[in-house]
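Undergrad: I'd like to ask some things about the structure below.
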Amino acid sequence: MIAYLKGKILLKTNNYLILKVDNIGYQIFIGESFNSELKVGLEREIYISHQVRAELSDLYGFRNLAELELFDLLLSVSGVGPKSALGMLSIASVSDVKEAILRSDPNLLTKVSGIGKKTAERIILDLKTKILKYADNSLDVSETSASLGDELDALMSLGYNLTDARQALLDLDSELIESTDRVKAALRKLSQKL
């Protein structure tokens, strides 16, 4: 099984690239956010998940080991295929996906094409214990962040990503108590960033 490749990017499309390694070109499927970082002609290291099914043998590429491990964890859930798992890593960071799972919040997960509410709930049910068991020190799901659930959901429903929405809420004045006031203030902060 292929787990890592380093080579020159020969071609890049919307959902895959061709990486030249020792005069062999590997087609590697990648997510949108990773794709935006890559440039044709540059050398790049890519962590690989090699998926073999029936008559197919596909390679999926990631920036780092944390993304690869989360991708493989997502694939362990019934009903989640490689395209949905890759889509998850295109809309949110590893820590954001893990945080959503630990908070039992399916809203972020359902933003991915192919993942409905039932599948999102299954992901939470199947992976929450695994993520808690193997949580690394870099994942910090604080009580403050967990208590922001409804406010985060409101901002995310307006199109903001989890990371920006959470940061805007955490940066608010502690005197703001009412949830609606906090969301309005966070919206003002987020609109200033644009």
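Undergrad: Looking for something at pLDDT below 90, aliphatic (A, V, I, L, M) and not in a helix (DSSP H, G or I) - is there at least one such residue anywhere in region 101-110?
TA: So far as region 101-110 goes, yes, one or more of its residues are at pLDDT below 90, aliphatic (A, V, I, L, M) and not in a helix (DSSP H, G or I).
Undergrad: Also, quick follow-up: Within region 113-140, how many residues are under 15 Å from the mean Cα position of the chain (by Cα), within 18 Å of D72 (Cβ to Cβ) and at pLDDT below 90?
TA: The number of residues fulfilling the criteria is 3.
Undergrad: Would you be able to tell me the number of residues in region 36-47 that are among the charged types (D, E, K, R) and assigned to a loop (DSSP other than H, G, I, E, B)?
TA: Start the filter on region 36-47 by keeping residues that are among the charged types (D, E, K, R), which leaves 37, 39, 43-45.
Filter again for assigned to a loop (DSSP other than H, G, I, E, B), leaving 37, 39.
Selection size over region 36-47: 2.
Undergrad: Now for a separate question. Does at least one position in region 21-35 carry a residue that is at positive phi, out of contact with any strand residue (DSSP E or B) (no Cβ under 7 Å at 6 or more places or on another chain) and not in a strand (DSSP E or B)?
TA: Yes, that holds for at least one residue.
Undergrad: Can I ask one more? When only residues in region 78-93 that are closer than 16 Å to I124 by Cβ and buried (at least 19 other Cβ atoms within 10 Å of the Cβ) count, which is modelled with the lowest pLDDT?
TA: Among residues in region 78-93 that are closer than 16 Å to I124 by Cβ and buried (at least 19 other Cβ atoms within 10 Å of the Cβ), the one modelled with the lowest pLDDT is A92.
Undergrad: Among the numbered criteria (1) part of a helix (DSSP H, G or I); (2) farther than 21 Å from N14 by Cα, which one does S84 miss?
TA: (2)
The values are calculated or read from the model by the stated rules, or taken from the named source; none is laboratory data. All of these numbers come straight from a predicted model, not from anything done at the bench. Here Cβ is always computed from backbone atoms with ideal geometry, including for glycine, and neighbour counts include all displayed protein chains.
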